Amino acid sequence: MYGNYKTKVFKDYQISSQTAELPLTLVEVKAQLRIDVADVSDDTYLTFLIKSVSNFFERYTQRTLIIKTFIAYLDCLSYTCGIIVKKSKLQTITKIEYLLDAVLTTWNASNYYFTDTNQYSSIYLTQDGSFPTDQDVRMQATKITFTAGYGLTNTSIPEDIKIAMLNHISYLYANRGDCEGDSSNSCKLPCTSKNIYDNYRIQPIAWEE
């Protein structure tokens, strides 16, 4: 609760689509590691490290690197103090749909807008907007499709993030086999990378419903 109004925070998201592009290229990683010999098996391992470090960064900071399309659900559209989208940076609200007689119906975009922020964005009613009054009463009666991330290519990612990820990969490459079984990779995070990651980390919302 927030004041006399409700604020809804999504907790579950489904990835609808994403690009095959990685946040770092093999060329960038090889330059960091000073590898100048072509080796298919090594390329495979380096690609694995890129994906592993990217996933770690996104979990740790709660940010999305390359733009992905997400789907989230609400039970109803009645959160007059905003719907917080816990994916950052929010780029677009593709559409908001609600069930009417068991059929998905698009809610007119003139009814809402979203805030442009580097943290979590929120969806609000416009001044003349209104919620549907004929929505079905059931779980997941509202479907929201949106995109989030820094950009469609890795050139949109801030340089300090890329530097931190390259340093993280260097550490993992030099210390492969350490901390076996640690899926979080937390014990494999060098301090220089952690300091930069912490600058981008979004803190939990204490009052979320």
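Bear in mind these aren't lab numbers, they're just calculated from the coordinates by the rules spelled out. These numbers come from a predicted model, not from an experiment. No Cβ is skipped: glycine too gets one built from the backbone with ideal geometry, and neighbour counts run over all protein chains shown.
For LEU152, what residues show an amide H to amide H distance below 5 Å, using hydrogens built from the backbone and excluding near sequence neighbours?
Those lying under 5 Å, H to H, from LEU152 are ILE67.
Determine ³J(HN,Hα), in whole Hz, for all residues of the stretch 143-150 in sequence, where each value follows from phi through the Karplus function 6.51 cos²θ - 1.76 cosθ + 1.60 and θ = phi - 60°; x replaces Gly and Pro.
Couplings: 10, 10, 10, 8, 10, 8, x, 6 Hz.
Which chymotrypsin sites (Phe, Trp or Tyr not before Pro) does the stretch 37-142 hold that lie in a coil by DSSP with at most 14 other beta carbons within 10 Å? Could the numbers behind the result be given before it?
Numbers: sites: TYR45, PHE48, PHE56, PHE57, TYR60, PHE70, TYR73, TYR79, TYR98, TRP107, TYR112, TYR113, PHE114, TYR120, TYR124; in loops: TYR79, TRP107, TYR120.
Here no loop site has a sparse enough neighbourhood.
Which of the trypsin sites (Lys or Arg not before Pro) found in the stretch 55-149 are in a DSSP loop and have at most 13 neighbouring Cβ atoms, other than their own, within 10 Å?
Working: sites: ARG59, ARG63, LYS68, LYS86, LYS87, LYS89, LYS95, ARG138, LYS143; in loops: LYS86, LYS87, LYS89, ARG138.
Passing sites in the stretch 55-149 are ARG138.
Select from ALA148, TYR73, ILE202 the residue farthest towards the positive end of the dipole of the chain; place +1 on Cβ of Lys and Arg, -1 on Cβ of Asp and Glu, and compute about the Cα centre.
Farthest towards the positive end: ILE202.
Given Cα pairs under 8 Å that are at least 6 residues apart, what percent is the relative contact order of the chain? Write out the running numbers ahead of the final one.
Numbers: 355 pairs, mean separation 60.4, N = 209.
Once divided by the residue count of the chain, the mean separation gives 29 percent.
Scan the chain and note any complete DSSP helix (H) whose C-alpha atoms cover at least 24 Å along its axis and whose Kyte-Doolittle average is -1.0 or more.
40-61
Taking every pair of alpha-carbon atoms in the chain, what share in percent sits in each 5 Å bin, from 0 to the bin with the longest distance?
Percent of Cα pairs in each bin: 1, 6, 13, 16, 15, 13, 10, 8, 7, 5, 3, 1, 0.
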